[in-house]
Amino acid sequence: MAGYVPPLDDIRFTMEHVTDLATLAALPGFEHADPETVAGLLDEAGRFFAEQFAPLNRLGDVQHSHRHPDASVTTPDGFAKAYHRYVDAGWPAVPFPPEFGGGGFPWLVGTAMQEELTSANMGLSLCPLLTQGAIDMLLHNGSEAQREVYLPKMVTGEWSGTMNLTEPQAGSDVGALTTRAVPADDGSWRITGQKIFITYGEHDLTDNIVHLVLARVPDAPPGTRGISCFIVPKFLVNDDGTLGARNAVECVSIEDKMGINASPTCVMAYDGAVGYLIGEPNQGMRYMFTMMNTARLSVGVEGLAIAERAYQQAVAYAHERRQGRAPGASGGSGESAIVEHADVRRMLLTMKAHIEAIRGIAYLNAEAIDLAKVHPDAALRAAAHERAEILTPITKGWGTDLGVEMTSIAIQVHGGMGYIEETGVAQHYRDARIAPIYEGTNGIQAMDLVGRKLGLRGGGAIADFVDSIAATAEEASAAGGDVALAGAALAEGVTVLREATAWLLANTPSDPNNAFAAATPYLRLAGIVTGAWALTKGAIAAAALRASDGGGFSTEFLDQKVVTAHFFATQVLPQARGLLPAVMAGPADLFAATF
Ligand SMILES: Cc1cc2nc3c(=O)[nH]c(=O)nc-3n(C[C@H](O)[C@H](O)[C@H](O)COP(=O)(O)OP(=O)(O)OC[C@H]3O[C@@H](n4cnc5c(N)ncnc54)[C@H](O)[C@@H]3O)c2cc1C
């Protein structure tokens, strides 16, 4: 079974030439994140994850996490040890603010690290991922005292975090939740209710678990307007920072799942547990929005990461497996490695191109989040925020759909052996399947894109976004050769995206179902065009580097960037036009059909 080799060249190339790490590193607070330091950091981190986490991936799938009669949960053999090494090495802290012990690196760097971590072991990666969401929530909305008590230990990874939204009757419709919070005399609250599907709700990796729980205070308005957010630690924290009494929260059971078996997905019972209100009552939903972009970006990165891992395995198998004789095969009369066959090469290049496209989108998304936070110019901060708003549902929706599709292709490359668990490639497909479901289903992402994001600034935000893509198409056209051909195809993609967007902006006001029926095909269309944008940006840079000093990349690597962009632009991007009829159809057939 193939291990994991961090794709350091493509990560570095994407950070430096699709996003602009050097410019980001020139901004106040990020001076230490110069490209050379970042490349070294990601090299080290990638090696750590490949050596410590990747070998446990299959074992986690086979062994699962287990709940015991005393309600404790143990993760698979070796997980706790590997996690402690990760904490000891200081990796969890890299992207968080220095005042809480973090490394203060841009989110872009954190995103690349998250890709490496998730490729190595998605089941284990979910513990830091949920902790990151909880840290983000406390950073934005916690009181100074709350931040002081919880953040330092969460930033180091000594304590983990969870997000407790879902209840049996409240999934996508978070506003239907019924967990109650009543005030206690000492200013704290008592939380009672049941949450389901809570990732790493209980485990043996950390000393304490900081649950963030959505609940309703007495007389809260119905729906999402009446949701409040509470900190409910597994162990209460004494004034001197030591751990105190066990809180009244426990894991009642863990789910038997299709994939990510190492990750304990818990049913959690809160039985009058001590909780501390974050911010104001009934503002929980507003607070959730402050962390949504980073959480959704992270789940989009899961699609990228798992596709990358499966791709590496598919390439290795394609070189190893011999079947048939490829037309024009050189030497002897024996069978060719299947990598010689055109159809297998089509599968591999389809994977490679989509992976590099979504890597570009995810990193552009992270860069926009960084710029929105730290750029000294308020107008540029606002523009970056709009860009992050538009890119986030695309990264999450298209990225996680691709996670499933690309891991499926990896199985196909393996033939029958792909369907056999022993090769391990089926695990990637099973693991990838959750990502389009959680952190807002992809249907909800698509509705967010057409329902909220297209209307930003009266359509001005999406118009600016598409203009940026058009500018790249023009630049590519001037570059000549295959880059120019990619640019011409991208210009056509821009025309299609403008047409689809204009139709939605014109037809949504008359019937919201015009937008909602179009949402999923529109998100895919936008994903394909945005992916081609990222690849074309890369191809322009690669061609320029090829003509100069190479920027530390091999000529083969740079030539491959152009091949990949040309393939995507000329063979995948045309699918965008094919999606237009579905975008512009309206909901008539959907509601005429009977089920
Ligand atoms: C392994 C795993 C881990 C999870 N981890 C966590 C966690 O840590 N914390 C947490 O709080 N939750 C977690 N979840 C819950 C997850 O976020 C929800 O499953 C998800 O939000 C979808 O909710 P649901 O399952 O109730 O599906 P539903 O909301 O019932 O959706 C079913 C289908 O209907 C569609 N749909 C629903 N409403 C609409 C609408 N208004 N318009 C159009 N289509 C709609 C959906 O897109 C979906 O296709 C996890 C789930 C799993 C399986």
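Can you find a residue that is assigned to a strand (DSSP E or B), of a type outside the set (S, T, N, Q) and either within 16 Å of the ligand (Cβ to nearest atom) or in contact with a His (Cβ under 6 Å, 6 or more places away or on another chain) (or both) anywhere in region 167-178? Yes, region 167-178 contains at least one residue that is assigned to a strand (DSSP E or B), of a type outside the set (S, T, N, Q) and either within 16 Å of the ligand (Cβ to nearest atom) or in contact with a His (Cβ under 6 Å, 6 or more places away or on another chain) (or both). Name every residue in region 68-120 that is under 20 Å from residue 156 (Cβ atoms), in a loop (DSSP other than H, G, I, E, B) and of a type outside the set (Val, Ile, Thr), in order of residue number. 89, 90, 95, 96, 97, 101, 102, 103, 104, 105, 106, listed by residue number.
Within region 199-218, which residues are part of a strand (DSSP E or B) and surrounded by 24 or more Cβ atoms within 10 Å (Cβ to Cβ)?
209, 210, 211, 212, 213, 214, 215, listed by residue number.
Could you list all residues from region 220-256 that are within 11 Å of the ligand (Cβ to nearest atom) and crowded, with 17+ Cβ neighbours inside 10 Å? The answer is 254, and nothing else. Remark: pairs (first residue in region 265-280, on the phi > 0 side of the Ramachandran plot; second residue within 16 Å of the ligand (Cβ to nearest atom); Cβ separation under 7 Å; 6+ apart in sequence or on different chains) = 279/287. Here residue 145 passes the criteria (1) away from the ligand (no atom under 16 Å from the Cβ); (2) in contact with a Phe, Trp or Tyr (Cβ under 7 Å, 6 or more places away or on another chain); (3) hydrophobic (A, V, I, L, M, F, W, C); (4) closer than 26 Å to residue 275 by Cβ except the one numbered (2).
Out of all the residues in region 182-189, is one or more of a type in the set (Phe, Trp, Tyr), more than 32 Å from the chain's Cα centre (by Cα), surrounded by 21 or more Cβ atoms within 10 Å (Cβ to Cβ) and more than 12 Å from the ligand (Cβ to nearest atom)? Outline the logic, then answer.
First pass over region 182-189, keeping only residues of a type in the set (Phe, Trp, Tyr): 189.
When the remaining residues are screened for being more than 32 Å from the chain's Cα centre (by Cα), the result is 189.
From what's left, surrounded by 21 or more Cβ atoms within 10 Å (Cβ to Cβ): 189.
Those left that are additionally more than 12 Å from the ligand (Cβ to nearest atom): 189.
So far as region 182-189 goes, yes, one or more of its residues are of a type in the set (Phe, Trp, Tyr), more than 32 Å from the chain's Cα centre (by Cα), surrounded by 21 or more Cβ atoms within 10 Å (Cβ to Cβ) and more than 12 Å from the ligand (Cβ to nearest atom).
Rundown of residues vs (1) surrounded by fewer than 16 Cβ atoms within 10 Å (Cβ to Cβ); (2) over 15 Å from residue 462 (Cβ atoms), yes/no style:
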| site | (1), (2) |
| --- | --- |
| 493 | no, no |
| 506 | yes, no |
| 517 | no, yes |
| 525 | no, no |
| 539 | no, yes |
| 546 | no, yes |
| 558 | no, yes |
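Restricting attention to region 219-248, the residues that are part of a loop (DSSP other than H, G, I, E, B) and closer than 14 Å to residue 275 by Cβ total 4.
Can you tell me which residue is farthest from residue 255 (Cα to Cα) among those in region 198-219 that are among the aliphatic types (A, V, I, L, M) and more than 9 Å from the ligand (Cβ to nearest atom)? Please lay out each step first, then the result.
At the first step, the residues of region 198-219 found to be among the aliphatic types (A, V, I, L, M) are 198, 205, 209-210, 212-215, 217.
Filter once more, so that each one left must be more than 9 Å from the ligand (Cβ to nearest atom): 205, 209-210, 212-213, 215, 217.
Details: 205: 19, 209: 19, 210: 21, 212: 20, 213: 19, 215: 23, 217: 29 Å.
Once the filter is applied, the top-ranked residue is 217.
Would you confirm whether any residue within region 355-375 is of a type outside the set (Asp, Glu), within 16 Å of the ligand (Cβ to nearest atom) and closer than 30 Å to residue 497 by Cβ?
Taking every residue of region 355-375 in turn, none turns out to be of a type outside the set (Asp, Glu), within 16 Å of the ligand (Cβ to nearest atom) and closer than 30 Å to residue 497 by Cβ.
Yes or no: residue 301 outside any loop (DSSP other than H, G, I, E, B), over 30 Å from residue 432 (Cβ atoms) and in contact (Cβ under 8 Å) with a residue 12 or more places away in the chain? Lay out the reasoning, then the answer.
Working: outside any loop (DSSP other than H, G, I, E, B): yes; over 30 Å from residue 432 (Cβ atoms): no; in contact (Cβ under 8 Å) with a residue 12 or more places away in the chain: yes.
No: the conditions fail for residue 301.
Computed from the coordinates by the stated procedures, all read-outs in this text should not be read as laboratory data. The structure displayed is predicted, hence computed values, not measured ones. In this analysis, Cβ positions are derived from the backbone assuming ideal geometry, glycine residues included, and neighbour counts consider all displayed protein chains.
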